[in-house]
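The values are calculated or read from the model by the stated rules, or taken from the named source; none is laboratory data. Just so you know, these numbers come straight off a predicted model, no measurement behind them. So basically every Cβ, Gly included, is an ideal-geometry build from the backbone, and we count neighbours across all protein chains shown.
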Amino acid sequence: MDLRVKLSGLDLKNPVMTASGTFGYGLEFAPYGDLRTLGGIVVKGLSLKPREGNPMPRVAETPSGMLNAIGLQNCGVEAFLKRRLPSLPWRETPIVANLYACDPDEFGELASILAAEEGVAALEVNISCPNVKAGGVLFGQDPALAASVTEAVKKRAGNKPVMVKLSPNVADIAAMAKAVESAGADILSLINTLTGMSVDVRTRKPRLANVVGGLSGPAIKPVALRCVWQASRAVKIPVVGMGGIASALDVLEFILVGAHAVQVGTANFIRPDFSFRLVEELPALMQRMGVTDLDELRGSLKTG
Amino acid sequence: MPLNRCHDVKVIALNPHGPEGLEHGLWLLELENPGFPDVRPGQFAMLRPPSWGFDPLWARPLSICRALPDRWVFNFLVAGRGTSALTRLKPGDTVTVWGPLGNGFAVEPGTRTLMLAGGIGLAPFVEYTAAHPAPGQLSLLFGHRPPLSCYPYEDLARLVPCESFQDKTPEDIPRFVALVEKHMSEHAGGLALACGPTPFLRTVQAAAKKFGVRCQISLENRMVCGVGACLGCVAADKDGHNVQTCTKGPVFWSGDITL
Ligand SMILES: Cc1cc2nc3c(=O)[nH]c(=O)nc-3n(C[C@H](O)[C@H](O)[C@H](O)COP(=O)(O)OP(=O)(O)OC[C@H]3O[C@@H](n4cnc5c(N)ncnc54)[C@H](O)[C@@H]3O)c2cc1C
Ligand SMILES: Cc1cc2nc3c(=O)[nH]c(=O)nc-3n(C[C@H](O)[C@H](O)[C@H](O)COP(=O)(O)O)c2cc1C
Ligand code: FES
């Protein structure tokens, strides 16, 4: 069975990528499976300078999901390129850098640093983080701002494909998708987390020091499917779907509503070999369903 | 091919620990040995029965109390949803396990080593004592609330000199703090290792500093992935940097970490 996917210049051997922030810098998961078998690895969001992130507690468990307010703690782009990237199997599996910055210029600067790296296959622009005060989700809520960040990255990204990651925390996801498509995005990815909160009645305190955080995991899958469906119908560029994927069947659901590939996030915490197992399970499931090519399924949702 | 250090194993046995364990929520869980490479005492594993579905979502971290050729033994206290769900396991049920995780305690065969345990913080010291090449160097101070019979204390007391202190009322806490200080003051030049609730670790940290004892403390931060990826378990090191408790710890030199 041929599971290859082409995403405007980003070629994957299968549609299963790991989602930013849930797979570390990749090597954390090397004891649990062969990184080379994955369709792609999206690393933890990188900023120009290292960041310490938000105060603790910054995670909370919720029914079938979790809240996080990590606040983009990361080692900074330089340390990633020097100390992490060389150990990753980047010749065999595309490594996608996830970018976070406070303004379009800084996004552009990050993009130009990453574009110069052979080991970086594509850039994913995070305009949708709900956990940082400056920029963050704001970029992802205003089509004009989202477009300006996309343009700034695209201008400095050389020949690397630029994937823009959308937030579900908007009234009209199709409008956002169109705005970043016209600004030059090569690929869309969605969804980032939904803004949420959790309260401890006993202490009368929020469970996160940041008060609010991003909801992820199986609980958000219905929202994610809806967003992917609406966005993929609005644009011509390929769409990578994510949000609550926790089985091979979930992958096919995302493909049906229009995704070309998927990213697995919170499920990597359910068990650390989750993504590797998913890659193994997908062909067997397709066979059982009589599907030989994902193209047969893609966007074939019957809506009456 | 990398070895996958995440396996589904079967429950061999699950019982309250001792005659009063059930009353106090203390349990002994025995799982098939998942067959991973060497366990260092002080390391832990993430445990998650697939029967949980998506709720609870996260696995729960437990110290490896014994790593025997045929099984891994855990001693746990019911703290909330996850640990109470663990008490409903039956022999033959499946549990997904990944580990051994974290760094473990220092083993210095030539150094007098004082183990300081608070409550269920005793668990890693059972393996530590069993695996130590020179148990003659070891001693234990154990502070607890439920009766001793709820803990694997007897196993330890057979092997090394132990002192226990049951804290029954709030007034007992200063007396226990004084006891920790007394042991530390007699331990200059030695190594101290501590595991237990955070207020207990703070006491130990302060005493170690006061008496100049080299000391390691094991933190029990809430874990999500256990492998260093989610950054949900961080603690602040002495320079104010957030470090993962699951991979840089759970054991830290006491002067290197802010509690
Ligand atoms: C490295 C490590 C080793 C551990 N070893 C053991 C062990 O050997 N035996 C044992 O009984 N427990 C151990 N713990 C603690 C155990 O993991 C927690 O008690 C458990 O995760 C709580 O889950 P729960 O669903 O029952 O509680 P929840 O319903 O999630 O929470 C109930 C209460 O427990 C508190 N809590 C949650 N997680 C932790 C935590 N990690 N540490 C302390 N309090 C917590 C919560 O704040 C809340 O007040 C260890 C923890 C770590 C990080
Ligand atoms: C702990 C955690 C950290 C995350 N960090 C990032 C990040 O740095 N950049 C980013 O674009 N998305 C980040 N995300 C969002 C995920 O990549 C993903 O979009 C989201 O979790 C939804 O997918 P899921 O339900 O499969 O987890 C993070 C999510 C979690 C749970
Ligand atoms: S539990 Fe995920 S980084 Fe430590």
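So B:Leu47 clears everything in (1) modelled with pLDDT under 95; (2) in a strand (DSSP E or B) except one condition, right? Which one?
It fails just one condition, (1).
Among what's in the range A:24-46 and is of a type in the set (D, E, K, R) and surrounded by fewer than 18 Cβ atoms within 10 Å (Cβ to Cβ), pick the residue that is nearest to the chain's Cα centre (by Cα).
Here the residue is A:Arg36.
Kindly list the number of the only condition in (1) more than 20 Å from A:Asn126 (Cβ to Cβ); (2) at the interface with another protein chain (Cβ under 9 Å from one of its Cβ atoms) that fails for A:Pro15.
(2)
Name the residue, out of B:Gly232, B:Gly240, B:Gly228, that is surrounded by fewer than 22 Cβ atoms within 10 Å (Cβ to Cβ), under 27 Å from A:Lys49 (Cα atoms), free of Cβ contacts under 8 Å to residues at least 24 places away in the same chain and within 16 Å of ligand 2 (Cβ to nearest atom).
Checking each option against the conditions leaves just B:Gly228.
Give, as residue ranges, the helices (runs of 4 or more DSSP H) completely inside the range B:163-259 that count at least 1 residues that are out of contact with any Pro (no Cβ under 7 Å at 6 or more places or on another chain), under 23 Å from B:Cys150 (Cα atoms) and within 14 Å of chain A (Cβ to nearest Cβ).
Per the criteria, B:198-211.
Quick one: which strands (runs of 3 or more DSSP E) sit completely within the range A:47-156 and have at least 2 residues that are within 14 Å of chain B (Cβ to nearest Cβ) and crowded, with 17+ Cβ neighbours inside 10 Å?
Of the strands (runs of 3 or more DSSP E) lying wholly inside the range A:47-156, those with at least 2 residues that are within 14 Å of chain B (Cβ to nearest Cβ) and crowded, with 17+ Cβ neighbours inside 10 Å span A:59-62, A:65-68.
Looking at the structure I just gave you, is B:Ala192 surrounded by 22 or more Cβ atoms within 10 Å (Cβ to Cβ) and either within 13 Å of ligand 1 (Cβ to nearest atom) or within 24 Å of B:Leu114 (Cβ to Cβ) (or both)?
Taking the combined requirement at face value, the residue satisfies it.
How many residues does the range A:265-280 hold that are in contact with a helix residue (DSSP H, G or I) (Cβ under 6 Å, 6 or more places away or on another chain) and either more than 14 Å from chain B (Cβ to nearest Cβ) or not in a helix (DSSP H, G or I) (or both)?
2
Within the range A:285-301, count every residue that is surrounded by 11 or more Cβ atoms within 10 Å (Cβ to Cβ) and outside any loop (DSSP other than H, G, I, E, B).
7
Any residue that is away from ligand 3 (no atom under 16 Å from the Cβ) and in contact with a Cys (Cβ under 7 Å, 6 or more places away or on another chain) - is there at least one of those in the range B:208-231?
Yes, there is a match, as at least one residue in the range B:208-231 is away from ligand 3 (no atom under 16 Å from the Cβ) and in contact with a Cys (Cβ under 7 Å, 6 or more places away or on another chain).
When you go through A:Arg233, A:Arg271 one by one, which is the residue that is among the basic types (Lys, Arg), within 16 Å of ligand 3 (Cβ to nearest atom) and either surrounded by fewer than 23 Cβ atoms within 10 Å (Cβ to Cβ) or at pLDDT 95 or above (or both)?
Answer to the selection: A:Arg271.
Regarding the range A:14-37, can at least one residue be identified that is in a helix (DSSP H, G or I) and farther than 30 Å from A:Gln287 by Cα?
The answer is yes, given that some residue of the range A:14-37 is in a helix (DSSP H, G or I) and farther than 30 Å from A:Gln287 by Cα.
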